[in-house]
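Trainee: Here it is, the structure, as structure tokens.
Since every read-out is calculated from the coordinates, none of them should be taken as a lab result. Computed from a predicted model, the values in this text were never measured in an experiment. Cβ placement follows ideal geometry from the backbone for every residue including glycine, while neighbour counts extend to all protein chains displayed.
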Amino acid sequence: MVPLLTGVRKLPQHLAHGTSLAIIAFVATAALAGYWLSGNVDWSLAIWIATGSVFGAYLGAVTMARIPARSLRAIFGLFLLVVAIRMLIT
């Protein structure tokens, strides 16, 4: 999503990351509804993971705001490369 937002829509790197996260929230909510209705959600585990994710997301957002756009783009590109290599290996 971020490469699409920065490449096609020409959004600045920080705005693209924030917009992508907002979109993910809506998609995740829709997916949760389907899994919940099917009885496929372990709520006790989900609450623990969600609590940690909220704190991690906040710290990540604060950290990201302090990183220059060029560095953020490089870090994100490196992350995508690592994920691609891992997918090829496994």
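Trainee: Roughly how many nanometres apart are two label points built 7 Å out from the Cα toward the Cβ at VAL82 and TRP43?
Mentor: Taking the two extended label points, one gets 3.6 nm.
Trainee: What does the helix-only formula give at 222 nm for the chain: each DSSP H stretch with n ≥ 4 adding -39500 (n - 2.57), the total divided by the residues, and the result rounded to the nearest 500 deg cm²/dmol?
Mentor: Values: 4 runs with 75 residues, N = 90.
Computed ellipticity for the chain at 222 nm equals -28500 deg cm²/dmol.
Trainee: Something else now. Could you give the longest part of the chain that holds none of the trypsin sites (Lys or Arg not before Pro) found in DSSP loops with at most 11 neighbouring Cβ atoms within 10 Å? Don't skip to the end; give the middle numbers.
Mentor: Numbers: sites that count: ARG9, LYS10, ARG66.
The reported range is 11-65.
Trainee: Still on this structure, I have one more. Using 0.36 nm per residue of separation minus the Cα-Cα distance, give me the extension gain between LEU32 and ARG73 in nm, one decimal.
Mentor: Values: separation 41, 0.36 × 41 = 14.76 nm, distance 3.02 nm.
Fully extending the segment from LEU32 to ARG73 adds 11.7 nm.
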